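The values are calculated or read from the model by the stated rules, or taken from the named source; none is laboratory data. Remember, predicted model here, so these are calculated numbers, not experimental data. We place every Cβ from the backbone using ideal geometry, glycine too, and count neighbours over all the protein chains shown. Only protein heavy atoms, including side chains, enter the accessible area calculation; ligands, DNA and RNA are left aside. Shrake-Rupley method; radii C 1.70, N 1.55, O 1.52, S 1.80 Å.
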Amino acid sequence: MGLERCGHVTVAESYDETAKRELKEELGISASLKKIGKLSASERTDYEFVWLYRGEVTGNLSPSRTEIETGAFFPEQVIDGWVAARPADFAPGFIECWKVYRQKNCSSRSALT
């Protein structure tokens, strides 16, 4: 299953280290991660620099109740339709990240065929 999550870099910590730490803190898992994109700070990202990662998880998640109130998994096509039909349901930063993710995900699939 694919995961989408975010976190903030601390002093003397790399983006890669932050991504791994946040996965452990918030979902109780470790995973091999691959950088798939970078967004510059802008109004749409709330003036934060963003790195996107992709990881695959086969085990159970253990969400931290102090970090995550609720969550659900949806097929990519459902998210595509939801974002298109009701963009106000999502933070602008998520929409920007989703665009990059879908562009990278679709282009990597077409390269395999």
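Applying both filters, DSSP loop and at most 12 other Cβ atoms within 10 Å, to the trypsin sites (Lys or Arg not before Pro) of the stretch 15-113 gives Arg65.
Other residues within the sphere of radius under 14 Å centred on the Cβ of Pro92, judged by their own Cβ, net out at -2 (K and R +1, D and E -1). Result for the chain in a Gaussian network model with C-alpha springs under 10 Å: among Ile36, Ile68, Ile95, the largest mean-square fluctuation is at Ile68.
If the chain linking Val83 and Val100 were pulled fully straight, counting 0.36 nm for each residue of separation and taking away their Cα-Cα distance, it would gain 4.8 nm. What's the longest uninterrupted piece of the chain once you rule out the chymotrypsin sites (Phe, Trp or Tyr not before Pro) that are loop residues per DSSP with at most 12 other Cβ within 10 Å? That would be 1-46.
Under a Gaussian network description of the chain, with springs only between Cα atoms under 10 Å, the residue in Ala72, Ala84, Ala19 that fluctuates furthest is Ala72. By the gyration tensor of its Cα atoms, with a ≥ b ≥ c the square roots of the eigenvalues, what is the shape of the chain: rounded for a/c under 1.5, prolate for a/b over b/c, or oblate? Note, shape of the chain comes out rounded. When nucleic acids and ligands are ignored and a 1.4 Å probe is applied, Glu56 ends up with an accessible area of around 110 Å².
Between Ser42 and Arg65, the simple label model (points 7 Å from Cα in the Cβ direction) yields a spacing of 4.0 nm. Rounded to the nearest 20, the size of the Cβ-charge dipole of the chain about its Cα centre is 460 debye, with Lys and Arg at +1 and Asp and Glu at -1.
Only helices enter the 222 nm calculation for the chain: every DSSP H run of n ≥ 4 contributes -39,500 (n - 2.57), and dividing by all residues gives -12500 deg cm²/dmol, rounded to 500. Net length available on complete extension from Lys35 to Phe74 is 11.9 nm, with 0.36 nm assigned per residue and the Cα-Cα distance removed.
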